[in-house]
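Asks: What follows is a structure written as structure tokens; I'll ask about it next.
The values are calculated or read from the model by the stated rules, or taken from the named source; none is laboratory data. What you see is a predicted model; the values in this text were computed from it and never measured. Cβ placement follows ideal geometry from the backbone for every residue including glycine, while neighbour counts extend to all protein chains displayed. Side chains are part of the model used for accessible areas, which takes the heavy atoms of the whole protein and leaves out ligands, DNA and RNA. Shrake-Rupley method; radii C 1.70, N 1.55, O 1.52, S 1.80 Å.
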Amino acid sequence: MTLYFFLWLHHKVNCLILYTKMKFTLIFGSLIGLAAFCFVSCDEAAKQLELQLLTSNIELLEAALRKECNHTENNGLIGRRRRALIREKRLSIDGRISVASHQLIILKKEYMNCKNYKGTVLTGSKLLGLFAPRNIKHYSWPALNDGKDSGVIKQVVFKKLFSNTAVKVEVTTNMRVVGQRTCCHWFFTFDNQECKPQTIESARYMSSTNDFHISYSFHGVCPALNRGNLVMALNVGKCSSGNALGDCYTGRYSTTHLTVEEIELS
């Protein structure tokens, strides 16, 4: 009787172990399946986003071609078929991305041919982003300690890529004016000329003889500048208000930062 009992118990234990292994396999398999599903879903979402971006750029260029180049149908029948393929749901997402990428390349070439593009003629800030990287430069000088009251403080050369863009400048430094009822005028010049119609400048007045060095920044945008190398300079001099020129000082024991960026105005 005892032998039969142990045999029965052994059988039940084996069944329990087998059942536990099966449950573990099912749970582990479900977790793997869930992880794979999440990975595929995330990858699919990223591809959908990429396709949306390509499609929006295509629509942007097609609108520009119609408006600026008098195109009624871009690329004729081939272009219409290709745009239909981009919207075709039965085509795989990778296939639609490939078609959209090819269409965008063709439209870029059409637009460049239409505008006789040589890196100089583009309209619309979004289109500028499609054809050229951001043109921005940063300069810095530790402890200028420049005590001149008149003349050029610092000069740089900035390459402007397009003829129909503007240049934005921003400088951060510290400034001082000493002298009762005096003034110092800091301003930018471009190829030895101040910006027109408005100067990019900052004026500081002093009504006492206190010697305060104060951190300061000013910025502005200059629209009417030619393409090519621009000689840009930060200058100091007398104010246009008629006040006497003070004892000016720039960049005392601190780093002076200058940022220059080519932008397109809407």
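Asks: Filter region 179-214 down to the residues that are touching a Cys at 6+ places or on another chain (Cβ under 8 Å), aliphatic (A, V, I, L, M) and at pLDDT below 95 and list them by number.
Replies: Correct list: Ala203, Met206.
Asks: crowded, with 18+ Cβ neighbours inside 10 Å, part of a helix (DSSP H, G or I) and either at pLDDT below 75 or not basic (Lys, Arg) (or both): does that describe Leu61?
Replies: Spelling it out, Leu61 is indeed crowded, with 18+ Cβ neighbours inside 10 Å, part of a helix (DSSP H, G or I) and either at pLDDT below 75 or not basic (Lys, Arg) (or both).
Asks: Which ranges mark the strands (runs of 3 or more DSSP E) fully within region 215-265 that have 1 or more residues being open to solvent by 60 Å² or more (accessible area, probe 1.4 Å) and either more than 19 Å from Ile200 (Cβ to Cβ) or at pLDDT below 95 (or both)? Step through it out loud before you land on a result.
Replies: On the way: elements: 228-237, 247-250, 256-263.
Result: 228-237, 247-250.
Asks: For region 225-266, enumerate the residues that are closer than 25 Å to Ser208 by Cβ and among the hydrophobic types (A, V, I, L, M, F, W, C).
Replies: Answer for region 225-266, where residues must be closer than 25 Å to Ser208 by Cβ and among the hydrophobic types (A, V, I, L, M, F, W, C): Val236, Cys239, Ala244, Leu245, Cys248.
Asks: Give region 146-169 a look and list any residue that's open to solvent by 50 Å² or more (accessible area, probe 1.4 Å) and modelled with pLDDT under 90, or say none.
Replies: Here is the first cut: in region 146-169, the ones open to solvent by 50 Å² or more (accessible area, probe 1.4 Å) are 148-150, 152, 154-155, 157, 159, 161, 163-164, 168.
Across region 146-169, the qualifying residues are Leu161, Ser163, Asn164.
Asks: Here's something else I'd like to know. List pairs: first residue in region 132-145 and part of a strand (DSSP E or B) and modelled with pLDDT of 90 or more, second residue among the small types (Gly, Ala, Ser) and open to solvent by less than 70 Å² (accessible area, probe 1.4 Å) anywhere in the structure, Cβ distance under 8 angstrom, at least six positions apart or on different chains.
Replies: Trp141/Gly251
Asks: Among the candidates Thr199, Thr209, Thr172, Thr189, single out the residue that is in contact (Cβ under 8 Å) with a residue 12 or more places away in the chain, among the β-branched types (Val, Ile, Thr) and surrounded by fewer than 13 Cβ atoms within 10 Å (Cβ to Cβ).
Replies: Being in contact (Cβ under 8 Å) with a residue 12 or more places away in the chain, among the β-branched types (Val, Ile, Thr) and surrounded by fewer than 13 Cβ atoms within 10 Å (Cβ to Cβ) holds for just one of Thr199, Thr209, Thr172, Thr189, which is Thr209.
Asks: So, one more: Report, by residue number, each residue of region 132-145 that is under 17 Å from the mean Cα position of the chain (by Cα), surrounded by 14 or more Cβ atoms within 10 Å (Cβ to Cβ) and within 27 Å of Tyr253 (Cβ to Cβ).
Replies: Lys137 - this is the single residue of region 132-145 that is under 17 Å from the mean Cα position of the chain (by Cα), surrounded by 14 or more Cβ atoms within 10 Å (Cβ to Cβ) and within 27 Å of Tyr253 (Cβ to Cβ).
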